[in-house]
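Q: The structure that follows is given in the form of C-alpha cells.
The values are calculated or read from the model by the stated rules, or taken from the named source; none is laboratory data. If you're wondering where the values come from, they're calculated on a predicted model, not measured in any experiment. Reconstructed Cβ throughout: ideal geometry from the backbone, glycine too, with neighbour counts over all protein chains shown.
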Amino acid sequence: MRFHSTRSDFDTDVTGAIMAGLAPDGGLLIPEQLPRLALSSLDGLNTPAELGPVVLAPLFEGSALAGELADICSDALDFPMPVRAVPGEKGLFVLELFHGPTAAFKDVGARFLAACMERILAAEPADPRGPLVILVATSGDTGGAVAAAFHRRAGIRVVVLFPEGQVSQRQQHQLTCWGDNVLSLAVQGSFDACQALVKAAFTDATLAARIRLSSANSINVGRLMPQTLYYAAAALEHFRATGRKPNFIVPTGNLGNALACNWARAMGLPIGEIVFATNANRTIPDYLATGNWQPRPSVNTLASAMDVGDPSNMERLTALYGEFDELRRAVSAYPVGDKEIVAQIKADYAKGGQIWCPHTATAAWTYAHLPPAKRGGDWILVATAHPAKFEATVEPAIGTTIPIPATLQAILDLPSDFQTIPAEFAELEKYIYKIVA
Ligand SMILES: *Cc1c(COP(=O)(O)O)cnc(C)c1O
C-alpha cells in the first residue's frame, strides 16, 4: 500500500509515512485507497489487539513491518477499551478509551507509533548521528502519552516541551515522571512558544546534520491507524449483539479521533451515524453549517485538549469525502460551551452517578440535544479521558472527589523531574545534544 500527500503526488510506504510524520510539501499522508473489509474475515475477533493484524494488514502490505503487525498490536494495545451501558439511559453506551497508562485515548495512537518506530529503527542500519530524538511540544495530554509510550524504547530519546505553569498538576506529573530516555523541559513561555521552538529545531540545517529528529504529533498516520481498531471492536460488539449498527458521538479537537471513526466506516465496519462534538472552538460545526472553511485562533475552554481553531485533519476528511455535500451528508457537528459542559457533568452525575471528563461531557451534551426521535437506541459516546485527570473542573461540579484509577495513581507516585528553560532555541539545542550524548 502506498501513502500519498493530500497536497501533491509525493508518496511513500507505511514505514516512510510513519517516520516522516508530514509530507515534504506540508500535506498529510493518507493511504491511496482504504481497504474494504469483508465482515466474515473478522469472525471470532473481538478486541482491538485481535482485530489489528487483520484490519490493518492491507495498509502494511509490502512493508518491512508487515510480518510484525500482530506483535505491534499486542505490544501497543495491551489495555481494555470496554463499551459500557450509561446508567439511567436506555440504549446509550460509552466507549471507555481511558484505561491506558496516561488515562486518555492518546495512549492508543502513541503506543502504536512507538511500537512501530522502535521496530523500524531496529531493522535499519545504525544512523551515524546516533539515536532518534522525538521532539514534542504539548499543551497537556499529548506529551504525557508520547513520553509514556516511548519511555525505554531502544534507540529513541524523547524531549517534551511544555509551557511552564500552564498545564494542570496531574498533567505536569505525567510529563515529568519518566527519566531514562525522556527529558522534560518547562519552557518560560506559551504553548505557541514551545511549538515555535520545535519548528525551529526541525528547520535548523546544522542540527539536522548532527541529530536525527522526528515528531510524534497527532497528524502522524501511525497514530491514526490504530484508532480505527477501537471503533471496529465497539461496532462489531454492538452489531453482533443486536443486528444494528451503532452511531458514535466523538469529542473532537484536531479531528484525529473522529477521522479514525470515518475511516473505520469507510472500510466497511458496521457504523451508522457519526457526530462530532466540539467545544467553543466551532470551526468545524460552522463549516458544516455554512460551507466556509474559516480557521481561527483557538479559545481556551474547560475541554482544553480540544482547543483547536484550525483542525489539521480536515484535510484528510475532505480527501475521504471529496465534495462538500458528500461530507455534510456523512457527518454532523455540534459546538458545546463551557457552561453546558459543567451543566452536563452535574446532570448526568445526579441522574445515574456517571462522571464525565470535560471532553466527554461535550458528547453527552450533544446526545442529550439530539432530536428526541433519534435518542434511545444504538448510540455510543466516546470517552476520551478519565475524569480524575481533570479533577479541578469535575470535582466542584459533582461536589465529591473522584477515585483515581490505579494506572494513573502509579504515575502520580513516581518522582517528578524537569529542567526550566527560557524560550530560546540555543537552550533547547543544548539539551538535545546532551540527551544523545
Ligand atoms: C486530544 C484529545 C481530544 C481531541 O482529539 P482529536 O483527535 O484532536 O480530535 C479529546 N479529548 C481528549 C481527552 C484529548 O486528549
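Q: Just to be sure before I move on: is residue 203 free of Cβ contacts under 8 Å to residues at least 60 places away in the same chain, hydroxyl-bearing (Ser, Thr, Tyr) and closer than 23 Å to residue 422 by Cα in the structure I sent?
A: Values: free of Cβ contacts under 8 Å to residues at least 60 places away in the same chain: yes; hydroxyl-bearing (Ser, Thr, Tyr): yes; closer than 23 Å to residue 422 by Cα: yes.
Answer is yes for this residue.
Q: Can you tell me which residue among 170, 157 is buried (at least 20 other Cβ atoms within 10 Å of the Cβ) and within 14 Å of the ligand (Cβ to nearest atom)?
A: Details: 157 fails: within 14 Å of the ligand (Cβ to nearest atom).
So the residue among 170, 157 that is buried (at least 20 other Cβ atoms within 10 Å of the Cβ) and within 14 Å of the ligand (Cβ to nearest atom) is 170.
Q: Are there helices (runs of 4 or more DSSP H) fully within region 359-437 with at least 1 residues that are modelled with pLDDT of 95 or more, out of contact with any strand residue (DSSP E or B) (no Cβ under 9 Å at 6 or more places or on another chain) and at positive phi? List them.
A: Values: elements: 391-398, 406-412, 425-436.
In region 359-437, there are no helices (runs of 4 or more DSSP H) which contain 1 or more residues that are modelled with pLDDT of 95 or more, out of contact with any strand residue (DSSP E or B) (no Cβ under 9 Å at 6 or more places or on another chain) and at positive phi.
Q: In addition: Six or more apart or on different chains, Cβ atoms under 6 Å: show the pairs whose first residue is in region 77-88 and within 20 Å of residue 225 (Cα to Cα) and whose second is part of a loop (DSSP other than H, G, I, E, B).
A: 79/99; 79/100; 80/99; 81/97
Q: Please verify whether region 263-278 includes one or more residues that are within 14 Å of the ligand (Cβ to nearest atom), touching a residue at least 40 places away in the same chain (Cβ under 8 Å), aromatic (Phe, Trp, Tyr) and assigned to a helix (DSSP H, G or I).
A: yes
Q: While we're on this one: Regarding region 31-46, can at least one residue be identified that is part of a helix (DSSP H, G or I), free of Cβ contacts under 8 Å to residues at least 24 places away in the same chain and surrounded by 19 or more Cβ atoms within 10 Å (Cβ to Cβ)? Don't jump to the end; show me each part of the working.
A: Within region 31-46, the first condition is being part of a helix (DSSP H, G or I), and the residues that meet it are 39-42.
With free of Cβ contacts under 8 Å to residues at least 24 places away in the same chain added as a condition, the list becomes 40-41.
From what is left, the residues that are surrounded by 19 or more Cβ atoms within 10 Å (Cβ to Cβ) are none.
Within region 31-46 (the criterion being part of a helix (DSSP H, G or I), free of Cβ contacts under 8 Å to residues at least 24 places away in the same chain and surrounded by 19 or more Cβ atoms within 10 Å (Cβ to Cβ)), the answer is no, since none of the residues qualifies.
Q: Kindly list the number of the only condition in (1) acidic (Asp, Glu); (2) surrounded by 20 or more Cβ atoms within 10 Å (Cβ to Cβ); (3) in contact with a strand residue (DSSP E or B) (Cβ under 8 Å, 6 or more places away or on another chain) that fails for residue 348.
A: Every listed condition holds for residue 348 apart from (3).
Q: Filter region 305-325 down to the residues that are in a helix (DSSP H, G or I) and in contact with a helix residue (DSSP H, G or I) (Cβ under 9 Å, 6 or more places away or on another chain) and list them by number. Break it down into steps so the answer makes sense when it comes.
A: Taking region 305-325 as the starting set, the residues that turn out to be in a helix (DSSP H, G or I) are 305-306, 314-321, 324-325.
Scanning region 305-325 gives 305, 306, 314, 316, 317, 318, 320, 321, 324.
Q: Condition (residue is over 27 Å from residue 312 (Cβ atoms), in contact (Cβ under 8 Å) with a residue 60 or more places away in the chain and either within 16 Å of the ligand (Cβ to nearest atom) or among the acidic types (Asp, Glu) (or both)) applied to region 240-253: is it met by at least one residue? Give the steps one after another, and end with the answer.
A: First, pick out the residues of region 240-253 that are over 27 Å from residue 312 (Cβ atoms): 240-246.
From what is left, the residues that are in contact (Cβ under 8 Å) with a residue 60 or more places away in the chain are 242, 244-246.
The next check asks that each one be either within 16 Å of the ligand (Cβ to nearest atom) or among the acidic types (Asp, Glu) (or both); those that pass are none.
Scanning region 240-253 turns up no residue that is over 27 Å from residue 312 (Cβ atoms), in contact (Cβ under 8 Å) with a residue 60 or more places away in the chain and either within 16 Å of the ligand (Cβ to nearest atom) or among the acidic types (Asp, Glu) (or both).
Q: Restricting region 53-91 to residues that are of a type in the set (D, E, K, R) and outside any loop (DSSP other than H, G, I, E, B), which is nearest to the ligand (Cβ to nearest atom)? Talk me through it step by step, then tell me what you get.
A: Applying the first criterion (of a type in the set (D, E, K, R)) to region 53-91 yields 61, 68, 71, 75, 78, 84, 89-90.
Okay, now just the ones that are also outside any loop (DSSP other than H, G, I, E, B), so 68, 71, 75, 84.
Values: 68: 26, 71: 26, 75: 22, 84: 18 Å.
Restricting to residues being of a type in the set (D, E, K, R) and outside any loop (DSSP other than H, G, I, E, B), the top hit is 84.
Q: Any residue in region 305-333 that's free of Cβ contacts under 8 Å to residues at least 40 places away in the same chain: show its pairings with residues that are surrounded by fewer than 19 Cβ atoms within 10 Å (Cβ to Cβ) and of a type in the set (Ser, Thr, Tyr) at Cβ separation under 6 Å, as long as the two are six or more apart or on different chains.
A: Listed by first residue and then by second, the contacts come to 327/321.
Q: Quickly run through region 1-16 and pick out the residues that are touching a Gly at 6+ places or on another chain (Cβ under 7 Å) and not in a loop (DSSP other than H, G, I, E, B).
A: 5
Q: Then there's this: Kindly indicate whether any position in region 123-144 is in contact with a helix residue (DSSP H, G or I) (Cβ under 7 Å, 6 or more places away or on another chain), over 17 Å from residue 219 (Cα atoms), away from the ligand (no atom under 14 Å from the Cβ) and assigned to a helix (DSSP H, G or I).
A: No; the residues of region 123-144 include none that is in contact with a helix residue (DSSP H, G or I) (Cβ under 7 Å, 6 or more places away or on another chain), over 17 Å from residue 219 (Cα atoms), away from the ligand (no atom under 14 Å from the Cβ) and assigned to a helix (DSSP H, G or I).
Q: Something else now. Taking the stated definitions as given, is residue 94 at pLDDT 95 or above, of a type in the set (Val, Ile, Thr), part of a helix (DSSP H, G or I) and within 16 Å of the ligand (Cβ to nearest atom)? Full working, then the answer.
A: Details: at pLDDT 95 or above: yes; of a type in the set (Val, Ile, Thr): yes; part of a helix (DSSP H, G or I): no; within 16 Å of the ligand (Cβ to nearest atom): yes.
Spelling it out, it is not the case that residue 94 is at pLDDT 95 or above, of a type in the set (Val, Ile, Thr), part of a helix (DSSP H, G or I) and within 16 Å of the ligand (Cβ to nearest atom).
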